[in-house]
1. Using the Karplus curve 6.51 cos²θ - 1.76 cosθ + 1.60 with θ = phi - 60°, work out ³J(HN,Hα) for each residue of segment 67-82 in order, rounded to whole Hz, and write x for Gly and Pro.
2. Ordered by residue, what ³J(HN,Hα) values in Hz, to whole numbers, does segment 50-63 give under the Karplus form 6.51 cos²θ - 1.76 cosθ + 1.60, where θ = phi - 60° and Gly and Pro are x?
3. Where does the charge balance sit around Glu62 when Lys and Arg score +1, Asp and Glu -1, over other residues with C-beta under 15 Å from its C-beta?
4. Figure the gain on full extension for Thr36 and Asp53 (residue separation times 0.36 nm, minus the Cα-Cα span) and round it to one decimal in nm.
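Values quoted throughout were computed directly from the atomic coordinates according to the rules given, and no laboratory measurement underlies them. Predicted model only: the values in this text are computed from it and were never measured. Backbone-built Cβ (ideal geometry, glycine too); neighbour counts: all protein chains shown.
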Amino acid sequence: MWHLGYIFLTALLLPGIALSQTSLQGDGAILRSLDTITGRAMDLTVEVGQSLDFKHFEIALEECRFLPENPVKFSYAYVTITNQRNQSVLYSAWMISHLPALSAFEHPRFDFWLIRCITLAPEDSNGMEEN
């Protein structure tokens, strides 16, 4: 049932973002992880087309896009999170930086959400910094 909510939300939000301005491709993404037991947060950097091992998860980033008007706020990334212990896919969907409560991955021990896309392009006039 919650899948219908994601489809409805995506149908409402992404076309509005896409119509307002063309998005740009990021080179990677910054995801934040929260250990729900210790309360410790950690930022993870993943490049597009690559994966990252974190605890017993494999986090793969397929695509990261952002709007040039505000790349920190308006980023969205397609992320797949796999449990390495049994190779089951736990999450495979778009994460949206300005809607973390709706697109985050929640697990009994760790939560993950998108902070923003990153780019290796030189700094330009819109304030996007090089990472």
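1. 9, x, 5, 7, x, 6, 7, 9, 10, 9, 9, 8, 10, 10, 10, 10
2. 10, 10, 10, 8, 9, 6, 9, 10, 10, 10, 10, 10, 8, 7
3. For residues surrounding Glu62, the net value is -3.
4. Net length gain for the segment: 4.3 nm.
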